[in-house]
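Shown next, in structure tokens, is the structure this report addresses.
The values are calculated or read from the model by the stated rules, or taken from the named source; none is laboratory data. Everything quoted here is computed from the prediction, not taken from an experiment. For neighbour counting, all protein chains shown are included, and Cβ atoms are generated from backbone atoms with ideal geometry for every residue, glycine included. Accessible surface is based on the protein model in full, side chains and every heavy atom, while ligands, DNA and RNA are left aside. Shrake-Rupley method; radii C 1.70, N 1.55, O 1.52, S 1.80 Å.
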Amino acid sequence: QVQLVESGGGLVQPGGSLRLSCAASGNIFRISRMGWYRQAPEKQRELVATITSGRTTKYADSVKGRFTISRDNAKNTVYLQMNSLKPEDTAVYYCNLHLSASDYWGQGTQVTVSS
């Protein structure tokens, strides 16, 4: 069973930065595609960024140039570096592990961008 534990959320002013971390249990991390999704109040969950086992990355247009996804296979951890944060980035951020037809989700971490 895979467990994902996110950390690093919080309150930040517009223009600020945060780094989210997601630690995975189990032994399939290094062969899995990892991703970050977010869900704002009364909105659907949306893709933020993904990174494959080969480290190919993909970003939502709204975060390109501001967010960077990375992974450390030795630590079973995926990161999301978020810079130049905007109020519209406020949401609960979820970590995702995808392998074949299976998806696993973390519990989510709140990111609030406000002055």
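Here are a few things to note about the model shown:
- Test for Val5: is it in contact with a strand residue (DSSP E or B) (Cβ under 9 Å, 6 or more places away or on another chain), assigned to a strand (DSSP E or B), open to solvent by 50 Å² or more (accessible area, probe 1.4 Å) and of a type in the set (A, V, I, L, M): yes
- Within this structure, Ser53 fails the test of being within 12 Å of the chain's Cα centre (by Cα) and without any contact (Cβ under 8 Å) to a residue 60 or more places away in the chain.
- Within the range 26-49, the residues that satisfy the criterion of being in contact (Cβ under 8 Å) with a residue 40 or more places away in the chain and under 14 Å from Arg71 (Cβ atoms) are Ile28, Phe29, Arg30, Ile31, Ser32, Arg33, Met34, Gly35, Trp36.
- Scope the range 8-50; condition hydrophobic (A, V, I, L, M, F, W, C) and under 12 Å from the mean Cα position of the chain (by Cα); matching residues: Leu18, Leu20, Cys22, Ala23, Met34, Trp36, Leu47, Val48, Ala49
- Residues located in the range 19-62, provided they are among the aliphatic types (A, V, I, L, M), modelled with pLDDT of 95 or more and either in a loop (DSSP other than H, G, I, E, B) or farther than 15 Å from Cys95 by Cα (or both): Ala40, Ala60
- Tally, over the range 63-75, of residues that are in a loop (DSSP other than H, G, I, E, B) and buried (at least 18 other Cβ atoms within 10 Å of the Cβ): 1
- Residues of the range 95-108 include none that is in a strand (DSSP E or B), in contact with a strand residue (DSSP E or B) (Cβ under 7 Å, 6 or more places away or on another chain), farther than 17 Å from Val2 by Cα and open to solvent by less than 50 Å² (accessible area, probe 1.4 Å).
- Criterion violated by Gly10 - all others in (1) farther than 18 Å from Val113 by Cα; (2) modelled with pLDDT of 95 or more; (3) touching a strand residue (DSSP E or B) at 6+ places or on another chain (Cβ under 9 Å) satisfied: (1)
- Residue count for the range 20-60 under the criterion of being of a type in the set (D, E, K, R), surrounded by 15 or more Cβ atoms within 10 Å (Cβ to Cβ) and more than 11 Å from Leu97 (Cα to Cα): the result is 2.
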